[in-house]
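The values are calculated or read from the model by the stated rules, or taken from the named source; none is laboratory data. As the structure is a computational prediction, the values presented were derived from the model and not from experiment. All Cβ positions, even for glycine, are placed from backbone atoms using ideal geometry, and neighbour counts span all protein chains on display. Side chains are part of the model used for accessible areas, which takes the heavy atoms of the whole protein and leaves out ligands, DNA and RNA. Shrake-Rupley method; radii C 1.70, N 1.55, O 1.52, S 1.80 Å.
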Number of protein chains: 2
Amino acid sequence: MNSSTHSPIDDRVQRSKERVLRTTSELLTESGLGGVSIEEVSRRSGVAKTTIYRHWATRADLVIDACSQISTKQDVPDTGSFEGDITVFLTSMATLLRTARWSSIVPSIIDAAERDPDMAQIHSIIQRGHAAPLQEIITRAARNGEIPISTDPSTMIAALLGPLFYRRWFSREPLDDTFVKAVVQNVISQL
Amino acid sequence: MNSSTHSPIDDRVQRSKERVLRTTSELLTESGLGGVSIEEVSRRSGVAKTTIYRHWATRADLVIDACSQISTKQDVPDTGSFEGDITVFLTSMATLLRTARWSSIVPSIIDAAERDPDMAQIHSIIQRGHAAPLQEIITRAARNGEIPISTDPSTMIAALLGPLFYRRWFSREPLDDTFVKAVVQNVISQL
């Protein structure tokens with residue numbers, strides 16, 4: 001009896017939590033970290049402030065929870081060649097940088113990470129998520145003898161992701177296929 | 001008579017303005033854009049709110065003025081070789097990224113630039129300041145026949161600055177001489 005009466009309540013709690021996280025993520029996109037207050041999240045989501053505080057003790061906890069859900073998990077391509085793999089990965093990354101919601105939230109997180117260790121932790125998780133597939137592609141290519149075993153993955157990842165991030169957040173120039181191809185060729189030509 | 005009595009007042013006004021801008025810049029470093037309010041700038045600088053509002057109509061105007069003063073003007077090196085020039089420039093940029101105050105404020109500006117055209121304008125000025133010396137180095141080397149005339153400066157600048165910015169603000173890995181040398185070699189080897 002107890003378990004069957006619990007279930008709808010649990011569902012409702014779950015739905016409220018999801019609505020709060022979704023609203024927080026929307027506010028982050030629209031106005032950055034500065035735009036997120038428990039007041040505003042409550043107003044927009046229709047979830048009472050007391051309910052929000054029951055799940056997240058502070059605004060920081062809520063923001064961290066919302067941020068940790070925004071990064072996109074990318075597959076590790078396996079085209080049969082190193083050049084093919086990094087081209088597929090960077091092309092997909094360029095698309096995400098142009099279109100994914102996290103792309104406009106990341107600067108907020110990086111800014112907060114400069115001063116807040118919790119946000120630095122969140123940023124580090126997102127960052128590792130972006131670099132991990134390349135790490136795997138590079139390790140595999142070195143194992144297969146396609147690239148020198150002496151290749152430093154971290155330097156190569158900076159040479160591949162750095163120019164894309166630079167265009168998205170710094171120079172705001174187009175992230176098109178021509179550019180992705182040039183970045184790939186730049187790295188391939190030094191092997 | 002009038003001009004001699006004016007001068008000390010002008011000096012005082014000038015000193016107040018400088019104190020307000022310096023305080024704003026300190027607050028930006030400590031807490032990002034979110035930490036800057038006219039209230040707090042007034043409290044810290046000891047300059048009355050009414051005086052601040054006389055010079056800057058809005059908080060945004062004050063922030064934009066403070067931000068526009070933070071970027072560092074870098075010289076264009078002339079070592080006699082393209083490789084030497086980009087090595088000197090990137091080494092100095094790596095030092096600034098590790099130590100200059102603007103380095104911890106830039107994420108705040110980029111974040112605001114995502115949504116605010118005025119801040120996007122400020123960021124674009126800072127960004128052009130960072131890229132301009134490289135643009136000049138590349139143009140000169142192409143003119144001298146040291147690098148192919150077909151070299152696309154914008155792609156090459158992304159390959160040079162992108163990895164440095166990536167390490168400073170994204171992966172937070174060391175920006176040491178070994179890394180700078182690897183970035184230079186990566187670009188040199190494709191020529």
> Distance in nm between label sites at B:Lys49 and A:Ala132, each 7 Å beyond Cα in the beta-carbon direction?
Replying inline: 4.9 nm
>> For chain B, compute Rg over Rh where Rg is the Cα radius of gyration and Rh is the Kirkwood radius from the inverse mean 1/r over Cα pairs.
In response: 1.09
>> For B:Ser37, place a label point 7 Å from Cα along the Cα-to-Cβ direction in every copy; what are the distances to the other copies, in nm, shortest first?
In response: 0.9
> On average, how many beta carbons from a partner chain sit within 10 Å of the beta carbon of a residue in B:171-181?
Replying inline: 3
> What distance in nm separates the simple spin-label points at A:Thr58 and B:Gln185, each placed 7 Å from Cα in the Cβ direction?
Replying inline: 4.5 nm
>> What are the membrane-span-like helices in chain B by this rule: whole DSSP H runs, Cα extent along the axis at least 15 Å, mean Kyte-Doolittle hydropathy at least -1.0?
In response: B:82-99, B:102-113, B:117-143, B:153-165, B:177-188
>> Am I reading the B/A interface right? What is its buried accessible area, both sides, 1.4 Å probe, to the nearest 100 Å²?
In response: 3200 Å²
> So what is the 222 nm mean residue ellipticity for chain A from helices alone, if each DSSP H run of at least 4 adds -39500 (n - 2.57) and you divide by all residues, rounding to the nearest 500 deg cm²/dmol?
Replying inline: -23500 deg cm²/dmol
>> Give the average over all directions of the projected area of the C-alpha convex hull of the protein assembly as shown, one decimal, in nm².
In response: 25.7 nm²
> Since chains B and A are linked by a rotation, which residue in B has the beta carbon closest to its axis, and how far is it in Å?
Replying inline: B:Gly162, 2
> Calculated FRET efficiency, B:Ser68 and B:Glu18, Cβ-Cβ r, R0 22 Å, to nearest 0.05?
Replying inline: 0.95
>> Can you list the residues in segment A:125-162 whose accessible area drops by at least 20 Å² when all protein chains are present, compared with the chain alone? Use a 1.4 Å probe, heavy atoms only.
In response: A:Gln127, A:Ser154, A:Thr155, A:Ala158, A:Ala159, A:Gly162
> Assigning unit charges at the beta carbon (Lys, Arg +1; Asp, Glu -1) and nothing else, what dipole magnitude in debye, to the nearest 20, does the protein assembly as shown show about its Cα centre?
Replying inline: 1100 debye
>> Using a 7 Å offset from Cα along the direction of the beta-carbon, what are the separations from A:Val76 to the same position in each other copy, nm, ascending?
In response: 4.6
> In whole angstrom, how far apart do the alpha carbon centroids of segment A:164-191 and segment A:79-142 sit?
Replying inline: 14 Å
> On average, how much accessible surface per residue is there in segment B:1-142, in Å², for a 1.4 Å probe, leaving out ligands, DNA and RNA?
Replying inline: 49 Å²
> If you roll a 1.4 Å probe over chain B with all protein chains in place, what percent of the accessible area is carbon or sulfur?
Replying inline: 50 percent
> Taking the Cα centre of chain A as the origin, how large is its charge dipole in debye, to the nearest 20, when only Lys and Arg (+1) and Asp and Glu (-1) carry charge on their Cβ atoms?
Replying inline: 580 debye
> Placing a label point 7 Å from Cα toward Cβ, how far apart in nm is B:Arg12 from its equivalents in the other copies, listed shortest first to one decimal?
Replying inline: 6.6
